[in-house]
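Asks: One structure is given below, represented as structure tokens, and several questions about it will come after.
Please treat every number below as a calculation from the coordinates, not as lab data. Note that the coordinates shown come from a computational prediction; the quantities given were computed from them, not determined experimentally. Every residue, glycine among them, receives a Cβ derived from its backbone with ideal geometry; neighbour counts consider all protein chains shown.
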């Protein structure tokens, strides 16, 4: 019984939240890595892109809710994703036409791209706050929980509860589906193959007749789709506040680099590595050990490696260690 | 000629002579510029309302009037504030100082100017717990309760309800830290146990990790000293999602309709405290303020009026506008025993004092000083019932 309790405790506070958070990070990091692979620069505006996608999703959700459209028990936001993706794709293509293409034609150095993307980040950040305001926005509806912690306790008779939110379940399922679709696209379709070829060796790809502007366009479209979905899921699962997406930038980059930048598989692995480390390192194991240890040997302290204040520091430390020990990342991506 | 002028100036500065029809100068030092410049005009007007009332009664020290001299405290610049206070005391020769407003400049003026010069200073709005322990030789008073007070009230509320073991999370700033500390000390003193006191940052999207740490302690109750539209709300959301806590204890920053509207019945049973509590005096003062064009629900206006009234009454009790006389009498006229004096009854108080009686000034905010010259204030104890905050009692 104690072992079961300990396991449920771990699931409730560590595994379920990490899996959901890891999925959100993985989707975001995939976008970062795709842009890096084909356009060769670290896109600092990616966090804001996610916020932008989430914002359009929220606006559409509100509109649908006002019309009385509902797909309960699922959140209406899922329906709103379609139009939101369309708008986000449009904004990304406009940014590329007006800003990045200029530097591409001049064959600018990556550092210049990065500065340009920081500019895009600020403009987009301002735009978002201008449209939806800086405050908290609630847009979740439908059934909030798959299992409520209290119901789980009553059902199983255990003293620990396990709560799973609908948004967590949706996040994991959607991520699985998207990742599968992306890999199918990159491995099996002609466009996907040309993208990979362009990412691996740009000159060789150009020689074999691949149209670079098309590859760039497809990368942006996929990035926008992933960013919108990741942003909306993050907002649905946690809460939507424009500034929090700026804070996501560090774990996102850490995930992409730890996994091996430019490698889609790496982004997914990196996302989960970062999410699990953030949560497992800052979780206090006192209660967990209390269940497992024999009477009298139970810890009196919290058994917490790092205070939760240092959550973001964890991704930073991992980032630094990876850059020092294995700069190409787990999946042998490009050196940064 | 020059000498006589100088002599008169000195005499006026000391304000020791008690000629009828003379003016008593009182310094009003508030942040008329700076971050709280929108609040200070009403605070100054409230204090001056009390001065006017005392002057108009004709009872004050046999018919004297109080002349307020306004100076800027800037709220944030201690150097400017102390220079201005210095000018009030040496150049204007004020009998006492009303102010200052923000805790930082108030401490600077008290330590560097008012106390060394032996001038009473009474602040209507400085709430930092640090000001309780400054070496003021009994010259510093305040009519706004210290932030530490709420921690004590909350601790006694919990003790009365038989709650013994609490996990605390606070917003990572001076307000949160101060409150968490004062609560922990007071709660320990009444036999309670704070299993963890952890900070949370505002403005994050997700607080599940923080809640995990709080829940690991095994405490049943979670005290949230944060903001209802910020991290505090996130902490409660994550607690409910994970099933970690269902019994919450909330401080003033968490009390608001938006919280109960968001969580509804999930918040049932939550206990909270918030400063205030409508007293009779507050209602009387509200109508008075309305008539004088003062924002009646503005922050610290009642406290400002009370501070002004206390100064006038202390002068009367001393029998002269003597600086040390004011100091020795301030505590006496504010506390029991004596005739109770509400807002608008300054004339009555002056009369009682003139005839040798004793007064107990109650005023707009139920003034009662403790040993170090600060009010205890009143707090409302709230409980969430059926998804709504309800007032249980007033402390």
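Asks: Give me the one-decimal nm value for the distance between modelled label points at residue B:354 and residue B:336, 7 Å along each residue's Cα-to-Cβ direction.
Replies: 2.9 nm
Asks: Helix-only mean residue ellipticity at 222 nm, chain A, DSSP H runs n ≥ 4 weighted -39,500 (n - 2.57), per residue, nearest 500. What is it?
Replies: Result for chain A, helices only: -22500 deg cm²/dmol.
Asks: Then there is this: If you average the alpha carbon positions of region A:265-279 and of region B:62-90, how far apart do those two centres end up, in angstrom?
Replies: So the separation of the two Cα centres works out to 60 Å.
Asks: Quick check: the distance between the Cα centres of region A:286-336 and region B:327-373, to the nearest angstrom?
Replies: Between the Cα centre of region A:286-336 and that of region B:327-373, the gap is 61 Å.
Asks: Rg and Dmax in Å for region A:20-249, alpha carbons only: what are they?
Replies: Here Rg and the maximum Cα pair distance are 19.3, 67 Å.
Asks: For region B:102-142, what size does the Cα cloud have along each of its three principal axes, sorted from largest down, in whole Å?
Replies: Between the extreme Cα coordinates on each principal axis of region B:102-142 lie 23, 15, 14 Å.
Asks: Please work out whether region B:258-359 counts as rounded, prolate or oblate from its C-alpha gyration tensor, where a ≥ b ≥ c are the square roots of the eigenvalues and a/c under 1.5 means rounded, while otherwise a/b larger than b/c means prolate and anything else oblate?
Replies: Prolate.
Asks: For region B:148-268, just run the numbers: alpha carbon Rg, then divide by 2.2 N^0.38 Å, N being how many residues it has.
Replies: Scaled against compact globular proteins, the figure is 0.95.
Asks: Here's another thing I want to ask about it. Using only C-alpha positions, report the orientation-averaged shadow area of the convex hull of chain B, nm², one decimal.
Replies: Its Cα hull, projected and averaged over all orientations, spans 20.2 nm².
Asks: Can you compute the FRET efficiency between residue B:324 and residue B:37 using 1/(1 + (r/R0)^6), with r the Cβ-Cβ distance and R0 = 45 Å? Round to the nearest 0.05.
Replies: E between residue B:324 and residue B:37, to the nearest 0.05, is 0.85.
Asks: Right, here's the next one. Mind checking the full-extension length gain between residue A:131 and residue A:108? Use 0.36 nm per residue of separation minus the Cα-Cα distance, one decimal, nm.
Replies: 5.0 nm
Asks: Under the definition of partner shielding as Cβ atoms of other protein chains within 10 Å of a residue Cβ, what is the mean value for peptide A:190-200?
Replies: Neighbouring Cβ atoms belonging to other protein chains average 0 per residue here.
Asks: Further, regarding this structure: Sticking with the crude label model, points 7 Å out along Cα→Cβ, report the distance from residue B:22 to residue B:376 in nm, one decimal please.
Replies: So the label points at residue B:22 and residue B:376 sit 3.9 nm apart.
Asks: Let me ask another. Separation of region A:182-245 and region A:1-38 by C-alpha centroid, Å?
Replies: 22 Å
Asks: Return one quarter of the surface area of the convex hull spanned by the alpha-carbon atoms of the protein assembly as shown, equal to its mean projected area, in nm².
Replies: About 40.4 nm², averaged over all directions.
Asks: I've got another one for you. Kindly provide the helix-only [θ] at 222 nm of chain B, computed as the sum of -39,500 (n - 2.57) over DSSP H runs of four or more divided by all residues, to the nearest 500 deg cm²/dmol?
Replies: Computed ellipticity for chain B at 222 nm equals -12500 deg cm²/dmol.
Asks: Another question, if that's okay. Output the peptides A:310-316, A:183-189 sorted from most to least packed, where packing is the average of other Cβ atoms within 10 Å over each peptide's residues.
Replies: Highest-to-lowest ranking by the protection proxy: A:310-316, A:183-189.
Asks: With 10 angstrom as the radius, rank B:260, A:223 by how many other C-beta atoms surround their C-beta, starting from the fewest.
Replies: So the ranking, lowest neighbour count to highest, is B:260, A:223.
Asks: Arrange the following residues from fewest to most other Cβ atoms within 10 Å of their Cβ: A:217, A:155.
Replies: A:155, A:217
Asks: Evaluate the Debye formula for region A:63-190 with equal point scatterers sitting on the alpha carbons, no solvent, and hand back log10 of I(q)/I(0) at q = 0.12, 0.13 Å⁻¹, in q order, two decimals.
Replies: -0.80, -0.89
Asks: Using Cα atoms only, what is the angle between the long axis of helix A:110-132 and the major principal axis of chain A, expressed in degrees (0 to 90) to the nearest 10?
Replies: Compared with the principal axis, the helix lies near 60 degrees.
Asks: Still on this structure, I have one more. Pairwise over distinct Cα atoms, reciprocal of the mean inverse distance: report the Kirkwood radius of region A:1-139 in Å, one decimal place.
Replies: With all distinct Cα pairs of region A:1-139 included, I get 17.6 Å.
Asks: In degrees, nearest 10, range 0 to 90: what is the angle between the Cα axis of helix A:311-325 and the longest Cα principal axis of chain A?
Replies: Value to nearest ten degrees: 60.
Asks: Counting other beta carbons within 10 Å of each Cβ, put B:348, A:165 in order, fewest first.
Replies: Ascending Cβ contact count within 10 Å gives the list B:348, A:165.
Asks: I've got another one for you. Provide a whole-number value for the mean count of partner chain Cβ atoms within 10 Å of the Cβ atoms in peptide B:239-247.
Replies: Per-residue shielding by partner chains comes out at 5.
Asks: Simple spin-label model, 7 Å along Cα-to-Cβ: residue A:138 to residue A:2 in nm?
Replies: So the two model labels end up 4.1 nm from each other.
Asks: Over all residues in B:195-207, what is the mean tally of Cβ atoms on other chains that come within 10 Å of each residue's Cβ?
Replies: Taking all residues of B:195-207 together, the mean is 5.
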